[in-house]
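Below you'll find the structure, written out as structure tokens, and then a few comments.
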Amino acid sequence: EAIKKKQLDYLKEHEQKVIDLVKAQNSKVEDVQINWDETEWGVAGNGTPQGGDEMILIFGGFNQNPESSWRVDVVVEDGKINLKTMSLGQYLRMGGRIFE
């Protein structure tokens with residue numbers, strides 16, 4: 001738990017990078033909300049029994065709309081977050097549909 005708290009604190013310090021990544025997906029995204037309390041830790045599935053990289057999944061919404069959602073995935077290597085691996089894990093959505 002202490003490691004997760006440290007990792008979450010680190011992500012919060014770099015939240016602008018998450019916001020910038022989400023905003024870069026669509027010019028209609030004016031502002032981004034991050035739901036830190038929904039952050040998940042897990043292992044990426046890659047088709048092998050041992051799985052892939054350790055991951056942190058960050059969730060949120062945009063434009064102050066409760067129907068909006070997105071997910072950003074970040075790889076953890078040897079307990080350290082690698083922000084260079086940050087990518088969109090789930091398309092921007094509005095009411096369950098892909099936001100265009």
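The values are calculated or read from the model by the stated rules, or taken from the named source; none is laboratory data. Keep in mind the model is a prediction, meaning the values are calculated, not measured. Neighbour counts are summed over all protein chains in view; Cβ atoms, including those assigned to glycine, are modelled from backbone coordinates with ideal geometry. For the accessible areas, the whole protein counts, side chains as well, though only heavy atoms, and no ligand, DNA or RNA atoms are used. Shrake-Rupley method; radii C 1.70, N 1.55, O 1.52, S 1.80 Å.
Brief remarks follow.
- Candidate set from the range 12-59 (those that are closer than 22 Å to GLU77 by Cα and of a type in the set (Gly, Ala, Ser)); member that is modelled with the highest pLDDT: GLY42
- Those residues of the range 10-38 which are of a type outside the set (S, T, N, Q), part of a helix (DSSP H, G or I) and open to solvent by 60 Å² or more (accessible area, probe 1.4 Å), in sequence order: TYR10, LYS12, GLU13, GLU15, LYS17, ASP20, LYS23, ASP37, GLU38
- For the range 53-100, taking the residues that are acidic (Asp, Glu) and in a strand (DSSP E or B), the one that is surrounded by the fewest Cβ atoms within 10 Å (Cβ to Cβ) is identified as GLU77.
- Scanning the range 27-47 for residues that are in contact (Cβ under 8 Å) with a residue 24 or more places away in the chain and either among the hydroxyl-bearing types (Ser, Thr, Tyr) or under 9 Å from ASN63 (Cα atoms) (or both) yields a total of 7.
- Residues in the range 1-38 that are in contact with a Phe, Trp or Tyr (Cβ under 7 Å, 6 or more places away or on another chain) and not aliphatic (A, V, I, L, M): 7 in all.
- Looking only at residues in the range 39-48 that are open to solvent by 50 Å² or more (accessible area, probe 1.4 Å) and among the β-branched types (Val, Ile, Thr), the one that is nearest to GLN7 (Cα to Cα) is VAL43.
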